[in-house]
1. Within the chain, which DSSP H helices have Cα atoms that stretch 20 Å or more along the helix axis and a mean Kyte-Doolittle hydropathy of at least 1.0?
2. Quick one: net charge of Leu55's neighbours, Cβ under 14 Å, K/R +1, D/E -1?
3. Could you give the dipole magnitude of the chain about its Cα centre, charging the beta-carbon of Lys and Arg +1 and that of Asp and Glu -1, in debye to the nearest 20?
4. So what is the relative contact order for the chain, in percent, with contacts set as C-alpha pairs under 8 Å and at least six apart?
5. Given 4 °C and 1.567 mPa s, how large is the Stokes-Einstein diffusion coefficient of segment 2-294 in µm²/s, with Rh as the Kirkwood radius over Cα pairs?
6. Once fully extended, how much extra length lies between Val284 and Val130, figured as 0.36 nm per residue of separation less the alpha-carbon to alpha-carbon distance?
7. Could you tell me which of Phe66, Ile112, Leu56 has its Cα farthest along the dipole of the chain towards the positive end, charges placed at Cβ (Lys, Arg +1; Asp, Glu -1), taken about the Cα centre?
8. What is the packing order of peptides 48-58, 242-252, 65-75, taking the mean over residues of other C-beta atoms within 10 Å and listing the highest first?
Amino acid sequence: MDMLLHGNALLALAAAVLWGGGDFSGGMGAKTAGGTMGAALRVVLLSHVCSFSVLLAIELLRGDPFPHGAALWWGLTAGVMGGLSLTAFYVALSRGAMGASAAVSGLLAAAIPAGVSIAGEGSPGVLRMVGFVVAGLAIWLIAAGDNPEAVPASAGTVWLAVLAGAGFGVYFVALKFAGAAGVIWPMATARMGSLSVCSVMLIATMLFGSDEVKRGRLTRVAMLWAMGTALLDTSGNLLFIAATRAGRLDVAAVLASLYPASTILLAAWTLHERPTRRQGVGMVVAAAAVVMITL
């Protein structure tokens, strides 16, 4: 059991690193494409088309049976929630307030699956419960506050981050249950769901949206960002599914939700900004949380 838990934790932490990079890449792609809902949808669609093509090819070569029943529906549900959440999150990131957006979404993404896991699997123990709270504090310290662009988060941006975080939380739970079908098929069916809902949203945006909302174009740079997102986000998702199969959902979700750390570090590095003292303290607090959760 201890080996499974440690494997569960290591996989979740690796997923956090990749997710943070994927979110930064997606936010930059949406910003480069225009920073609108239409731009974000284009980036998400291109990213998910690329990852779905690779995942489908792998499964066809492996010859694994297509999932059915509850596992299939959980995978599709994960995809729908993931597509909606990523679109909202990329729009929030593209508006410049990366810190506040990542903090709010990260906290909700951790809290919802942790609550579901505790309700279904029982308490993980006092030390890990304290570790979950400390991890939440770490997420806030790392991600909230001043951001590299010094752009304050508007009310609309905060609400986008709230919706994204709640959606991510449901996404985590759905992926856990979809994982009964393995690792790759759940991710492939999730991409089917996200491609469907994002395609419908893009068509509706183009037909009924304002000129400001419609605006967006996939330039070469935006496409490169989207490709990077496809690689990082898909790899992170596969590691997260493996983590939920190796141990408790709450441990996997809380540790994976530390992804704002790599998002902020990448933003600071790419934008030539040094992390703040507050973010440095948050990194130390995050390390303490990881120790408490994995003991």
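1. Working: long enough: 2-33 (46 Å, 0.73); 37-62 (37 Å, 1.62); 70-94 (35 Å, 1.34); 98-121 (34 Å, 1.34); 126-143 (26 Å, 2.28); 155-178 (34 Å, 1.62); 184-208 (36 Å, 1.44); 220-246 (39 Å, 0.91); 277-294 (26 Å, 1.25).
Helices meeting the span and hydropathy rule in the chain are 37-62, 70-94, 98-121, 126-143, 155-178, 184-208, 277-294.
2. Details: positive: Arg62, Arg191; negative: Glu59, Asp64, Asp233.
Taking every Cβ under 14 Å from that of Leu55, the sum is -1.
3. Details: 16 positive and 12 negative charges, 65 e Å.
Here the chain has a charge dipole of around 320 debye.
4. On the way: 563 pairs, mean separation 125.6, N = 295.
Value for the chain: 43 percent.
5. Details: Rh = 18.6 Å.
Diffusion coefficient, whole number: 70 µm²/s.
6. Details: separation 154, 0.36 × 154 = 55.44 nm, distance 1.56 nm.
My answer for the length gained is 53.9 nm.
7. Of the candidates, Leu56 comes out farthest on the positive side.
8. Details: 48-58: 18.1, 242-252: 24.3, 65-75: 15.7.
My ranking of the peptides, most packed first, is 242-252, 48-58, 65-75.
Every number here is computed from the coordinates shown, using simple stated rules; none is lab data. As the structure is a prediction and not an experimental result, all values here were calculated from the model. Quick reminder, even Gly has a Cβ in these numbers, built from the backbone with ideal geometry, and neighbours come from all protein chains shown.
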